[in-house]
1. Over segment 14-187, what is the relative contact order in whole percent, taking alpha-carbon pairs under 8 Å and six or more residues apart?
2. Order these by the 10 Å Cβ neighbour count, fewest first: 172, 49, 88, 72.
3. I want to verify a result. In a Gaussian network model of the chain, Cα cutoff 10 Å, which of these has the top mean-square fluctuation: 29, 59, 235?
4. Any idea how far apart residue 63 and residue 254 come out in nm if each label point goes 7 Å out from Cα toward Cβ?
5. Can you sort 34, 61, 164 so the residue with the fewest Cβ neighbours within 10 Å comes first?
6. For segment 58-202, what class follows from the C-alpha gyration tensor (a ≥ b ≥ c being the square roots of its eigenvalues): rounded when a/c is under 1.5, otherwise prolate if a/b is larger than b/c, else oblate?
7. List the relative contact order of the chain as a percent without decimals, with contacts defined as Cα pairs under 8 Å and 6+ residues apart.
8. Among 15, 42, 206, which one shows the highest mean-square fluctuation when the chain is modelled as a Gaussian network with alpha-carbon springs under 10 Å?
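Values in this text are rule-based calculations from the coordinates and carry no lab data. What you see is a predicted model, and the numbers here were worked out from it, not measured in a lab. Quick reminder, even Gly has a Cβ in these numbers, built from the backbone with ideal geometry, and neighbours come from all protein chains shown.
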């Protein structure tokens with residue numbers, strides 16, 4: 001059954017009041033749809049982009065992605081497939097018809113390759129935790145405790161339905177796994193650099209060509225030192241990093257005074273170029289690498 005949002009309370013903090021009254025485990029799909037679709041749609045999408053970028057610092061992941069040729073030949077399609085499939089899960093819930101179809105599509109894509117359970121679990125952990133950290137840093141308000149708990153639970157349930165094994169049952173253990181995996185597996189490789197460059201150049205392609213060097217510098221300045229080393233990218237420019245973070249804080253201040261959004265935006269991605277008008281006329285089974 002598709003996730004249906006309750007009616008928000010009055011005022012800019014109306015959704016936060018609703019979230020406080022929901023159960024973060026039972027109602028995780030509802031809370032995540034409010035967070036990602038209504039309260040922080042732009043932040044949530046940016047955070048997932050950087051979460052995926054982060055996973056390419058693991059050589060076993062980047063090696064597989066480079067061997068598929070998808071990032072070199074069709075980076076926009078690869079991005080659109082991932083963003084739209086995740087958007088389907090957030091918009092409709094993992095147990096809805098479209099949610100189940102999205103998970104079947106994801107599993108079909110993964111079944112083509114030999115992917116370790118630990119790598120799958122690590123990618124899942126970035127989806128669970130990175131949006132929470134981004135929003136608390138750059139969002140127009142801090143997350144409510146129920147939002148943080150629901151955000152992790154949502155992706156834990158996604159992982160269970162994907163057949164990922166040994167998902168930690170506590171949020172603390174799950175986060176500890178993520179940090180430990182990064183300490184142990186973030187190592188430089190030529191594959192990391194190649195996939196990182198394909199992705200960075202894709203981000204730059206969304207802007208007018210003269211801005212390409214600026215976007216690339218911005219990307220280098222928004223990732224942390226461990227990612228920089230794993231990609232072999234130029235070091236961050238502190239002045240650029242400070243400017244970008246100040247701009248994001250300024251944006252959050254502007255968003256704070258806007259009326260609350262009452263219709264979720266998670267089912268559509270404005271950067272999607274592969275499937276014009278999605279989801280109108282499309283089904284999740286239309287996404288991904290076709291068998």
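1. After rounding, I find 36 percent.
2. Ordered from fewest to most neighbouring Cβ atoms within 10 Å, 172, 49, 88, 72 come out as 172, 72, 49, 88.
3. 235
4. Between residue 63 and residue 254, the simple spin-label model gives 4.5 nm.
5. On the way: 34 26, 61 22, 164 18.
Least to most surrounded, the residues fall as 164, 61, 34.
6. Taking the square roots of the gyration eigenvalues as a ≥ b ≥ c, segment 58-202 is rounded.
7. Numbers: 373 pairs, mean separation 93.7, N = 291.
It rounds to 32 percent for the chain.
8. Greatest mean-square fluctuation among the candidates belongs to 206.
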